[in-house]
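Student: Please read through the structure below; I'll follow up with questions.
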């Protein structure tokens, strides 16, 4: 099924509320993950890629894993480039960000 049209943008205040709620639930010590731009662009520039999907997983040691894959117009995963091995926050965080507050 193709993804329906949607505006994914939200305000900083709404985003900060969501991350605060996540931290309060103590779902994980890890708050976020960062990826290098060039590799994200490689994923997005795959032929037929119209979007990005994020899968949640666990490493063998139990730590969170974030897996990024492109998706095509039929909502199928593009598996030519899959990203993981993110930089976890902490320690790779913006201490001044409202999202990290």
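Student: Does residue 30 meet the test of being modelled with pLDDT under 80, at negative phi and touching a strand residue (DSSP E or B) at 6+ places or on another chain (Cβ under 8 Å)? First the steps, then the outcome.
Tutor: Values: modelled with pLDDT under 80: yes; at negative phi: yes; touching a strand residue (DSSP E or B) at 6+ places or on another chain (Cβ under 8 Å): yes.
Yes, satisfied.
Student: Can you pull out every residue in the range 72-99 that is touching a helix residue (DSSP H, G or I) at 6+ places or on another chain (Cβ under 7 Å) and either surrounded by 14 or more Cβ atoms within 10 Å (Cβ to Cβ) or within 15 Å of residue 50 (Cβ to Cβ) (or both)?
Tutor: Just the residues of the range 72-99 that are touching a helix residue (DSSP H, G or I) at 6+ places or on another chain (Cβ under 7 Å), to begin with: 81, 83, 98-99.
Those that are touching a helix residue (DSSP H, G or I) at 6+ places or on another chain (Cβ under 7 Å) and either surrounded by 14 or more Cβ atoms within 10 Å (Cβ to Cβ) or within 15 Å of residue 50 (Cβ to Cβ) (or both): 81, 83, 99.
Student: Can you tell me which residue is surrounded by the most Cβ atoms within 10 Å (Cβ to Cβ) among those in the range 55-66 that are part of a loop (DSSP other than H, G, I, E, B) and without any contact (Cβ under 8 Å) to a residue 12 or more places away in the chain? Outline the logic, then answer.
Tutor: Of the range 55-66, the ones part of a loop (DSSP other than H, G, I, E, B) are 59-63.
From the residues that got through so far, the ones that are without any contact (Cβ under 8 Å) to a residue 12 or more places away in the chain too are 59-62.
Working: 59: 10, 60: 6, 61: 5, 62: 7.
Only one residue tops the list, namely 59.
Student: Additional query: Take the conditions touching a strand residue (DSSP E or B) at 6+ places or on another chain (Cβ under 9 Å), outside any helix (DSSP H, G or I) and modelled with pLDDT of 90 or more and apply them to residue 52. Does it pass?
Tutor: Here the answer is yes, as residue 52 does meet what is asked.
Student: Continuing with this model, one more query. When residue 69 is evaluated against the numbered criteria (1) surrounded by 14 or more Cβ atoms within 10 Å (Cβ to Cβ); (2) modelled with pLDDT of 85 or more; (3) in a helix (DSSP H, G or I), which criterion, by number, is the only one it fails?
Tutor: Condition not satisfied by residue 69: (3).
Student: Could you figure out which of (1) out of contact with any strand residue (DSSP E or B) (no Cβ under 6 Å at 6 or more places or on another chain); (2) under 22 Å from residue 85 (Cα atoms); (3) surrounded by 11 or more Cβ atoms within 10 Å (Cβ to Cβ); (4) modelled with pLDDT of 90 or more isn't true of residue 38?
Tutor: With (1) out of contact with any strand residue (DSSP E or B) (no Cβ under 6 Å at 6 or more places or on another chain); (2) under 22 Å from residue 85 (Cα atoms); (3) surrounded by 11 or more Cβ atoms within 10 Å (Cβ to Cβ); (4) modelled with pLDDT of 90 or more applied to residue 38, the lone miss is (3).
Student: If we scan the range 89-98, do we find a residue that is part of a strand (DSSP E or B), in contact with a strand residue (DSSP E or B) (Cβ under 7 Å, 6 or more places away or on another chain) and modelled with pLDDT of 80 or more?
Tutor: Narrowing the range 89-98 to residues part of a strand (DSSP E or B): 89.
Now narrow it down to the ones that are in contact with a strand residue (DSSP E or B) (Cβ under 7 Å, 6 or more places away or on another chain): 89.
Next, from what is left, pick out any that are modelled with pLDDT of 80 or more: 89.
Within the range 89-98, one or more residues are part of a strand (DSSP E or B), in contact with a strand residue (DSSP E or B) (Cβ under 7 Å, 6 or more places away or on another chain) and modelled with pLDDT of 80 or more.
The values are calculated or read from the model by the stated rules, or taken from the named source; none is laboratory data. Note that this is a predicted model, so its numbers are computed, not measured. Note that each Cβ is placed from the backbone with ideal geometry, even for glycine, and that neighbours are counted across all protein chains shown.
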